[in-house]
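The values are calculated or read from the model by the stated rules, or taken from the named source; none is laboratory data. Because the structure is predicted, anything quoted here is derived from the model rather than measured. Cβ atoms come from the backbone with ideal geometry, glycine included; neighbour counts cover every protein chain shown.
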Amino acid sequence: MQMDSLLVGLRAAGEPTRLRLLALCSHVELTVTELVNILGQSQPRVSRHLKLMVDAGLLNRFREGTWAFYRLGRDGGGADLARILAALIDDDDPVIAADLARLEEVKEIRQQRADAYFRAQAPVWNEVRALYVPEEDVERVLRAQFAGRTIGDLLDVGTGTGRVLELMAGSVERAVGIDLNREMLAVARARIEELGLTHCQVRHGDVYRLPFAAASFDAVTVNQVLHFVDDPAAVLRETARVMRPGARVVVVDFAPHDIEDLRDNHAHRRLGFSDGEVEGWFRAAGLVPSADETLPGDPLTVRIWAADAPTAAEVAR
């Protein structure tokens, strides 16, 4: 880290409230309102501190509708410094300990809201799940598609409750889930916090316009998402854009079926997909179909399709 950047980071952190913010954001991502309630300071004051720390790269800021979440920086010299400083802060310090106690209250409120939403939606989800093989069978096959691969960064498109992040957490260095449904994101965020998966995060985002630079991920999952969207081919094109050379995408969805109730009462746009459709979309996006598997069910059959982005050597040829 260059000296100028180091000095900027140290100045941005060198104030008691900012160190408290650094300590809190090293545990979970938090909104301005939550931080104001924990610190007992005014919103303008807290926002000024946060801006300085974001500008220095100590914290990252993410928009989610009208909310903004803050968490410890992820990349760059400022993020490295933030992790070092956060590790030096003593959780037993009286001020920090009091902040962390209030943080637990915030997390409990989040969990209660997530649980209420989950209870309300569970009957609907269970009605659909009863139509195909047990979820654990699907998850086993999904994980197997990445066996033997070193995964630095994983993206879960349409993450829902974040179950794929939980499933893959032990096999990746970092993981992020994208979804448009804020209630679902609240469920996923609460679950990630409960499990202590600090290397996983969720973000509000559009599957047609992923908020990431090209070639950002080593692995992508699209689990039971395509039947909800109007243009599955466009989703896979956008997925291919953010895949690094040699990266793999795994799509889980239904084979073609005729259960109109799923369209009428569960917002399914498409009644399953044929192999030709999905593999054609892969190829059109510049991906190479690499594996597939069938999990027969009654009345729904689950299909798992995988495709790889060409390696740099393959592109050069």
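Restricting to segment 69-108, give me the number of residues that are among the small types (Gly, Ala, Ser) and touching a strand residue (DSSP E or B) at 6+ places or on another chain (Cβ under 6 Å).
Number satisfying all stated conditions: 2.
Specify which of the listed residues (Gly152, Gly148, Gly177, Gly170) is assigned by TED's automatic domain parsing to the domain that holds Arg263 and on the phi > 0 side of the Ramachandran plot.
Gly148
Here are some residues: Ala130, Ala144. Which one is surrounded by fewer than 17 Cβ atoms within 10 Å (Cβ to Cβ) and either modelled with pLDDT of 95 or more or of a type in the set (Phe, Trp, Tyr) (or both)?
Ala144
Residue check: is Asp80 surrounded by 13 or more Cβ atoms within 10 Å (Cβ to Cβ), closer than 27 Å to Asn223 by Cα and acidic (Asp, Glu)?
So Asp80 does not fit the description; no.
Regarding segment 20-36, can at least one residue be identified that is of a type outside the set (Gly, Ala, Ser) and touching a His at 6+ places or on another chain (Cβ under 8 Å)? Spell out how you get there, then give the answer.
Taking segment 20-36 first, the residues of a type outside the set (Gly, Ala, Ser) are 20-22, 24-25, 27-36.
Checking the rest, the ones that are also touching a His at 6+ places or on another chain (Cβ under 8 Å) come to 21.
Yes; the residues of segment 20-36 include at least one that is of a type outside the set (Gly, Ala, Ser) and touching a His at 6+ places or on another chain (Cβ under 8 Å).
Taking the stated definitions as given, is Val124 surrounded by fewer than 15 Cβ atoms within 10 Å (Cβ to Cβ), β-branched (Val, Ile, Thr) and under 28 Å from His266 (Cβ atoms)? Before you say what the answer is, go through the steps one by one.
Values: surrounded by fewer than 15 Cβ atoms within 10 Å (Cβ to Cβ): yes; β-branched (Val, Ile, Thr): yes; under 28 Å from His266 (Cβ atoms): yes.
Criteria met by Val124.
Could you please tell me which pairs satisfy a Cβ distance under 6 Å, a separation of 6+ or placement on different chains, a first residue in segment 73-92 that is of a type outside the set (Gly, Ala, Ser), and a second residue that is not in a helix (DSSP H, G or I)?
Arg74/Asn60
Here is a list of conditions, (1) surrounded by fewer than 14 Cβ atoms within 10 Å (Cβ to Cβ); (2) assigned to a strand (DSSP E or B); (3) not small (Gly, Ala, Ser), and Leu155 meets all of them except one; can you say which number that is?
The number of the failed condition is (1).
Could you pull out the residue among Asp137, Asp92, Asp75 that is assigned by TED's automatic domain parsing to the domain that holds Pro296, loosely packed, with under 14 Cβ neighbours inside 10 Å and either over 23 Å from the mean Cα position of the chain (by Cα) or not aliphatic (A, V, I, L, M) (or both)? Write out each step before concluding.
Details: Asp92 fails: assigned by TED's automatic domain parsing to the domain that holds Pro296; Asp75 fails: assigned by TED's automatic domain parsing to the domain that holds Pro296.
Going through Asp137, Asp92, Asp75 in turn, just one is assigned by TED's automatic domain parsing to the domain that holds Pro296, loosely packed, with under 14 Cβ neighbours inside 10 Å and either over 23 Å from the mean Cα position of the chain (by Cα) or not aliphatic (A, V, I, L, M) (or both): Asp137.
Do any strands (runs of 3 or more DSSP E) lying entirely in segment 214-317 carry at least 3 residues that are farther than 30 Å from Val124 by Cα, and which ones are they?
It comes to 243-254, 288-295.
With the structure loaded, tell me whether Val157 is touching a residue at least 40 places away in the same chain (Cβ under 8 Å) and in the same structural domain as Gly246 (by TED's automatic domain parsing) or whether it fails that test.
When the stated conditions are applied, Val157 passes them.
Can you list the helices (runs of 4 or more DSSP H) found entirely within segment 26-139 that contain at least 3 residues being out of contact with any Ser or Thr (no Cβ under 8 Å at 6 or more places or on another chain) and among the charged types (D, E, K, R)?
It comes to 43-55, 94-129.
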